[in-house]
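The values are calculated or read from the model by the stated rules, or taken from the named source; none is laboratory data. Please read these numbers as outputs of a predicted model, since none were measured by experiment. Please note: Cβ atoms are built from the backbone with ideal geometry, for glycine as well, and neighbour counts cover all protein chains shown.
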Amino acid sequence: MKNIAKSLAFTAIAATGAEAHERARVAPPAVYDVAPGLGHFTDDVLFGEVWERPELSPRDRSLVTLAALISTGKVAQIGVHASRALDNGVEPAEIGELITQLAIYSGWPNAISAVAKVKIVFDDRGIDPVEQSDEPRIELERGAEAARRAIVDGTVAPTAPALAEMTNRVLFGDLWQRPDLSARDRSLVTMTALIAIGQPEQLPFHANRAMDNGMSSVEAAEVPAHVAFYAGWPRAMSAVPVLKEVFMSRETAPEAETDIRIVRRDPEAGNSGPADYFTGAVRVHGNYQTQLPARVSGATVEFEAGARTAWHTHPLGQTLHVISGLGWVQQEGGPIVEMRPGDLVWIPPHVRHWHGASPEEAMSHLAIAEALNGSVVTWMEKVTDAEYLGVATD
């Protein structure tokens, strides 16, 4: 039976003693007839150097190559690389699941076109139809999954509820839990597809997920070097600064907390509210910051009578729990509203507002907010005396 691994671009042609490196050619004769320079780079660089680099195993390089070809719709090369992948230890079921994964990330037409090419390889090799694995489903890390779902529910659902629902139920509730391809390999092919189709915006999440799933930073850094040959240098180069930020953030990230932490009340501790952001006497204490994947931070803030914040917004909103005294809160364009002990006040995301004590009585509250991309608050100009007292001005 003809072996596709020895056909098309991978036809082995014995090299003569005069040929460089005395290496068998990988590029077909037509390449040397039309573009001898391309033949040189194919044989000496791509297959003579890149495919031999130990930073990724031959199996991984086959996964990366197939992912790049499928996600970019380069159908003509899929067959020979599917055959090479089988030779490099990728199981038929894993190739099928790779195609399934990429249907989500690069579209159904690319996946269906890949199936037709891979079916020819399977038939040529006498490979039986693939059956779904009956192994236990992969369990996603609960903390990271909760953080991911919160982002989808908070940023996608308000605008595209169907997309958010299917992201949670189909993509991460089903596809990413299928045992037919390991979590690490799913991350590898997803990273590859994002680089190959020029979507670096999605890369930080998936690069972090890949390393959480067992990929080393050395392996992750090698992916764009390999993809450059199959999707082009510009797209590989665009991924580099994104990966740099991911690597730096993981190097400096604190170790995950595993114990309950109590921030003790200490009236003598704390700091004065910065003059750029507050008017009047303000004391901030009990400040706390949770570690990723949690995004919550907070502090107890004490306002003397007449003290208040500047105008500001929060990317994911803010909750105030009034502890004592009488406070005021106002959103831009609305009336000043009183806050009393025991009241809970919710300020929605991006709503411009201020809050503080009333003119006659001090107030303290616990302020809680979530960070989005590391940002908790955007400070603006101070509230004038006229604004604070609700005095109309022309």
Original post:
Taking segment 281-299, which residues are crowded, with 18+ Cβ neighbours inside 10 Å and more than 15 Å from residue 365 (Cβ to Cβ)?
Top reply: 295
Subject >> Odd one out for residue 302 among (1) surrounded by 16 or more Cβ atoms within 10 Å (Cβ to Cβ); (2) under 30 Å from residue 212 (Cα atoms); (3) charged (D, E, K, R) >> reply: (2)
**OP:** Select from segment 365-394 the residues that are over 22 Å from residue 285 (Cβ atoms), part of a loop (DSSP other than H, G, I, E, B) and not charged (D, E, K, R) and list them in ascending order.
**Re:** 373, 374, 380, 383, 384, 390, 391, 392, 393
Original post:
What is the residue count in segment 223-264 for residues that are in contact (Cβ under 8 Å) with a residue 24 or more places away in the chain, among the small types (Gly, Ala, Ser) and not in a helix (DSSP H, G or I)?
Top reply: 2
**OP:** Give 250, 265 a once-over and let me know the one that is out of contact with any Leu (no Cβ under 7 Å at 6 or more places or on another chain), over 25 Å from residue 372 (Cβ atoms) and surrounded by fewer than 17 Cβ atoms within 10 Å (Cβ to Cβ).
**Re:** 265
Original post:
Among the residues of segment 173-188, is any more than 30 Å from residue 226 (Cα to Cα), assigned by TED's automatic domain parsing to the domain that holds residue 73 and touching a helix residue (DSSP H, G or I) at 6+ places or on another chain (Cβ under 7 Å)?
Top reply: no
Original post:
List pairs: first in segment 207-222 and farther than 11 Å from residue 243 by Cβ, second in a helix (DSSP H, G or I) and aliphatic (A, V, I, L, M), Cβ under 6 Å, 6+ apart or cross-chain?
Top reply: 213/183
Subject >> Criterion: in the same structural domain as residue 189 (by TED's automatic domain parsing) and in contact (Cβ under 8 Å) with a residue 60 or more places away in the chain - qualifying residue of 156, 121, 152 >> reply: 121
**OP:** May I ask you to list the residues in segment 192-205 that are within 22 Å of residue 138 (Cα to Cα) and either of a type in the set (Val, Ile, Thr) or modelled with pLDDT of 95 or more (or both)?
**Re:** 192, 193
**OP:** Name the strands (runs of 3 or more DSSP E) wholly inside segment 272-364 in which the number of residues that are on the phi < 0 side of the Ramachandran plot and either charged (D, E, K, R) or in contact (Cβ under 8 Å) with a residue 40 or more places away in the chain (or both) is 3 or more.
**Re:** 296-303, 318-325, 353-357
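If I ask for residues that are over 15 Å from residue 229 (Cβ atoms) and either among the aliphatic types (A, V, I, L, M) or modelled with pLDDT under 95 (or both), which ones from segment 64-81 would you list? Show your work before the answer.
The first filter runs over segment 64-81 and keeps only residues over 15 Å from residue 229 (Cβ atoms), leaving 70, 73, 75-76, 78-79.
Across segment 64-81, the qualifying residues are 70, 75, 76, 78.
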**OP:** Would you check if residue 167 is crowded, with 16+ Cβ neighbours inside 10 Å, among the hydroxyl-bearing types (Ser, Thr, Tyr), more than 21 Å from residue 54 (Cα to Cα) and not assigned by TED's automatic domain parsing to the domain that holds residue 316?
**Re:** yes
**OP:** Take segment 178-205 and flag every residue that is more than 16 Å from residue 104 (Cα to Cα), in a helix (DSSP H, G or I) and touching a Pro at 6+ places or on another chain (Cβ under 9 Å).
**Re:** 200
Original post:
Which of the following residues is closer than 26 Å to residue 211 by Cα, at pLDDT below 95 and either out of contact with any His (no Cβ under 7 Å at 6 or more places or on another chain) or assigned by TED's automatic domain parsing to the domain that holds residue 74 (or both): 107, 96, 143?
Top reply: 143
**OP:** Sort out which residues of segment 36-87 are closer than 20 Å to residue 216 by Cβ, buried (at least 16 other Cβ atoms within 10 Å of the Cβ) and either without any contact (Cβ under 8 Å) to a residue 24 or more places away in the chain or among the polar types (S, T, N, Q) (or both), and write them in order of number.
**Re:** 51, 62, 65
Original post:
Can you tell me which residues in segment 209-221 are touching a Lys or Arg at 6+ places or on another chain (Cβ under 7 Å) and not hydrophobic (A, V, I, L, M, F, W, C)?
Top reply: 213, 214
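Determine whether residue 97 is buried (at least 21 other Cβ atoms within 10 Å of the Cβ), more than 25 Å from residue 25 (Cβ to Cβ), within 24 Å of the chain's Cα centre (by Cα) and acidic (Asp, Glu). Full working, then the answer.
Numbers: buried (at least 21 other Cβ atoms within 10 Å of the Cβ): yes; more than 25 Å from residue 25 (Cβ to Cβ): yes; within 24 Å of the chain's Cα centre (by Cα): yes; acidic (Asp, Glu): yes.
Spelling it out, residue 97 is indeed buried (at least 21 other Cβ atoms within 10 Å of the Cβ), more than 25 Å from residue 25 (Cβ to Cβ), within 24 Å of the chain's Cα centre (by Cα) and acidic (Asp, Glu).
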Original post:
(1) surrounded by 13 or more Cβ atoms within 10 Å (Cβ to Cβ); (2) hydrophobic (A, V, I, L, M, F, W, C); (3) outside any loop (DSSP other than H, G, I, E, B): which one isn't true of residue 162, the others all being true?
Top reply: (1)
